[in-house]
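Here the structure comes first, spelled out in structure tokens, and everything after it is commentary.
The values are calculated or read from the model by the stated rules, or taken from the named source; none is laboratory data. Because the structure is a prediction, the values reported are computed rather than measured. Every residue, glycine as well, gets a Cβ built from its backbone with ideal geometry; the counts of neighbours run over all protein chains shown. Surface areas here come from the heavy atoms of the whole protein model, side chains and all, with no ligands, DNA or RNA. Shrake-Rupley method; radii C 1.70, N 1.55, O 1.52, S 1.80 Å.
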Amino acid sequence: MIAVGLDFETRKLTHRECEPPSTLGPHDVIWQVLEVGVCGTDRDLATFHRGYPPPGEKFLTIGHEAVGRVFRLGADVTDLQVGDWVVPTVRRGCPLPCLECRRGRRDLCTTGKFTERGIFGRHGYFTEFAVDAAADLIPIPQTILSRAILVEPLSVVEKTIATALRLHPATPRTALIFGAGPVGLLTALALEVRGIDVTVHSLEDPSNPRAVLLTRAGIRYRTDNLEKADIVIEAAGSTQAAFRGLSLLAPNGVCAVLGAHNGDGHVPFLDMIIGNKTVFGSVNAHPGAFDAAVKDIARFSPQLLDSMLTRKPWRDYGAIVDPPAGAIKVVHTLSDHLH
Ligand code: BGC
């Protein structure tokens, strides 16, 4: 079978042939990968700015957003059937494991010794078959199958929104989202179905497909003239946006930072104290957030979600670093069986 990934010797994004998995433990499942989605993390990986291979190896199979079908069951697996559709979770717990990993919240791992499929020290899903513990696979109903590739990015959004709503000490009514990439768009849709008045800010012209998608969903799109909001989400990968977001928090406001990495700025501490404001970071997601994502995908307009996806054959993996113009999320197909 083929595997697309990073060769750490030549420092190239490439593909190789490898043996399909044959042995499986009693609680494991072999599943066939049908689609893999690409995100900013994969672009960072493909340019060797993030990620590392499994111990002792020089190659990392990438891909952490995936959809597939159960192929073989371990002897003790009872809650999945051959042929079931699944989406895998990404993070695997630390070896000891810590208290959080032990209680099923690897997304909150306290040792930092976790691994992540296709990112940190564990092969990912840009390949034809994979093995996972049945508990790490989220069942997907047939009705959302063609949009299920969005479950993983939406799981990250679901965790963030749940945290923001929990931290807000009053009644949040408005949200401002920085960034109109897949995470920004999914955040906007998820807040909108919860009755929040959402504005998305990004730099693209209002004629850009991302802005058009938002307008079609009845969500405000602004390139400037921003107003204060109860919930601010930075999904632009920009530190400047995160600081601007802090300055646009309404009293009692909560700001989530999802993508900003480098750069300094001013934290308005006094204003945050006087206004009971909160800022937090969030990464990864737990199985409950994946379940919430599966439910929300079924609530969003199928046409809108479909318009976010651009499918390409697996061989076009060069699109990870050079995405086609106008594409919002590129999805690589490993097999024709999904459609
Ligand atoms: C993934 C997360 C992961 C994070 C950091 C994101 O793209 O969606 O699951 O934890 O990258 O590696």
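How about region 75-88: which of its residues are open to solvent by 10 Å² or more (accessible area, probe 1.4 Å) and not in a strand (DSSP E or B)?
Ala75, Asp76, Val77, Thr78, Asp79, Gln81, Val82, Gly83, Asp84 - these are the residues of region 75-88 that are open to solvent by 10 Å² or more (accessible area, probe 1.4 Å) and not in a strand (DSSP E or B).
Taking Ser282, is it open to solvent by 50 Å² or more (accessible area, probe 1.4 Å), over 25 Å from Ala3 (Cβ atoms), modelled with pLDDT of 95 or more and small (Gly, Ala, Ser)? Give the derivation first.
Details: open to solvent by 50 Å² or more (accessible area, probe 1.4 Å): no; over 25 Å from Ala3 (Cβ atoms): yes; modelled with pLDDT of 95 or more: yes; small (Gly, Ala, Ser): yes.
Taking the combined requirement at face value, the residue does not satisfy it.
When both residues are 6+ apart or on different chains and their Cβ atoms are under 9 Å apart, which pairs have a first residue that lies in region 221-238 and is free of Cβ contacts under 8 Å to residues at least 24 places away in the same chain, and a second that is assigned to a loop (DSSP other than H, G, I, E, B)?
Within 9 Å, the pairs are Arg222/Ser202; Arg222/Pro206; Thr223/Ser202; Thr223/Leu203; Thr223/Glu204; Thr223/Asp205; Thr223/Pro206.
When you go through Ala180, Ala164, Ala175 one by one, which is the residue that is part of a loop (DSSP other than H, G, I, E, B) and in contact with a strand residue (DSSP E or B) (Cβ under 8 Å, 6 or more places away or on another chain)?
Within the list Ala180, Ala164, Ala175, the selection yields Ala180.
Any chance region 11-18 includes a residue that's open to solvent by 20 Å² or more (accessible area, probe 1.4 Å), over 26 Å from Arg311 (Cα atoms), of a type in the set (Asp, Glu) and modelled with pLDDT of 95 or more?
No, the conditions are met nowhere in region 11-18.
Any residue in region 55-69 that's away from the ligand (no atom under 16 Å from the Cβ): show its pairings with residues that are of a type in the set (Asp, Glu) and open to solvent by 10 Å² or more (accessible area, probe 1.4 Å) at Cβ separation under 9 Å, as long as the two are six or more apart or on different chains.
So the pair list comes out as Lys58/Asp7; Lys58/Glu9; Phe59/Asp7; Phe59/Glu9; Arg69/Asp84.
Out of the residues in region 97-141 meeting the condition of being in contact with a strand residue (DSSP E or B) (Cβ under 7 Å, 6 or more places away or on another chain) and in a helix (DSSP H, G or I), tell me which one is surrounded by the most Cβ atoms within 10 Å (Cβ to Cβ).
Top of the filtered list is Arg106.
Which condition from (1) without any contact (Cβ under 8 Å) to a residue 40 or more places away in the chain; (2) surrounded by 18 or more Cβ atoms within 10 Å (Cβ to Cβ) is the one that Ile144 breaks?
Result: Ile144 passes all but (1).
Give just the number: which of (1) within 16 Å of the ligand (Cβ to nearest atom); (2) surrounded by fewer than 17 Cβ atoms within 10 Å (Cβ to Cβ); (3) of a type outside the set (A, V, I, L, M) does Arg72 not satisfy?
Evaluating Arg72 over (1) within 16 Å of the ligand (Cβ to nearest atom); (2) surrounded by fewer than 17 Cβ atoms within 10 Å (Cβ to Cβ); (3) of a type outside the set (A, V, I, L, M) leaves (1) as the failure.
Looking at region 316-336 only, could you name the residues that are in a helix (DSSP H, G or I) and touching a residue at least 60 places away in the same chain (Cβ under 8 Å)?
Tyr317, Gly318, Ala319, Ile320
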